[in-house]
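Some notes on the structure that comes next.
Nothing in this text is a laboratory measurement; each read-out follows from the coordinates by a stated rule. Just so we're clear, the structure is a prediction, and the values are computed from it rather than from any experiment. With ideal geometry, Cβ positions are generated from the backbone for all residues, glycine too; neighbour counts draw on all protein chains shown.
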Amino acid sequence: MIEQKTPRTHIVFREAVLQTDIEAVRGVVAGTGFFSAEEVAIAAELVEERLQKGPASGYEFIFAEVDGAVKGYSCYGLIPCSTVSWDLYWIAVAPDQQGSGLGRKVLDLTEQRIREAGGLAVYAETSGREQYTPTRGFYGRCGYATGAVFEDFYGPGDAKYVFVKRLDRQG
């Protein structure tokens, strides 16, 4: 567990998954307004799977608690059949914390854990819809490059963007 204190908030980062994280993740993801009910359910199911199977689930988590409440998180894991490539399955921050730097802190810690596990690259995907312009900008500001764009992937006019960041390179 890592703690950071600022004049206004107390932030705790943790990796242990708790039963209460199922609803916390559901609330954070739904609160963004970006995801469908099905996507919100999937995000919560990954927490449940980690609770049931432990590390064998293949899902790792970073939770950011601000003043005692989960306000952001990431879910990531080693890509099957790879020894060095990791997927960033989810990263989400509650609307009241967006723009505060919390997402960047969660992502930095996620990348640090992946490096410590021998990871060389992180892959993240997002939608090409206009609504996701800030998300794509976030990845760019965090050093991710567009690795691929699949037109009409999620639906007509909704491309899939795959971003990649090499962790073994500086800058």
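Cβ-Cβ distance of Glu45 and Thr20, R₀ of 25 Å, FRET efficiency by 1/(1 + (r/R0)^6): the value works out to about 0.95. Over the range 120-171, the pair-distance histogram of Cα-Cα distances with 5 Å bins from zero comes to 5, 22, 29, 22, 12, 7, 3, 0 percent, rounded to whole numbers. Expressed per residue, the C-alpha convex hull volume of the range 1-87 stands at 115 Å³. Sorted fewest first by neighbouring Cβ atoms within 10 angstrom, Ile91, Ile42 come out as Ile42, Ile91. Leu46 sits among other residues whose Cβ lies under 12 Å from its own Cβ, and their net charge, with Lys and Arg +1 and Asp and Glu -1, is -4. Electrostatic bookkeeping for Thr20 treats Lys and Arg as +1 and Asp and Glu as -1; over the other residues with beta carbon under 14 Å from its beta carbon, the sum is 0. Derived value for the range 80-148: Kirkwood hydrodynamic radius 13.1 Å. Basis is the mean of 1/r over every pair of different alpha-carbon atoms.
Please report, in debye to the nearest 20, how large the charge dipole of the range 94-171 is about its Cα centre when each Lys and Arg carries +1 at its beta carbon and each Asp and Glu carries -1 there. Dipole size: approximately 320 debye. Specify the residue with the greatest mean-square fluctuation among Glu125, Glu48, Glu151, computed from a Gaussian network of the chain linking alpha-carbon atoms under 10 Å apart. Result for the chain, Cα springs under 10 Å: Glu151 fluctuates most. For the chain, the tally of Lys pairs with Cα-Cα distances below 24 Å comes to 4, considering only residues 8 or more apart or on different chains. Size descriptors for the chain, from the alpha-carbon set: Rg then Dmax equal 15.5, 47 Å.
In a shell of Cβ-Cβ distance under 11 Å around Tyr132, excluding Tyr132 itself, what net charge do Lys and Arg (+1) and Asp and Glu (-1) give? Walk me through the numbers before you get to the answer.
Details: positive: Arg129, Arg136, Lys160; negative: Glu125, Glu130, Asp158.
Net charge around Tyr132: 0.
Go ahead and estimate [θ] at 222 nm for the chain from helices alone: -39,500 (n - 2.57) per DSSP H run with n ≥ 4, summed, over the residue count, rounded to 500. Calculated mean residue ellipticity at 222 nm is -9500 deg cm²/dmol.
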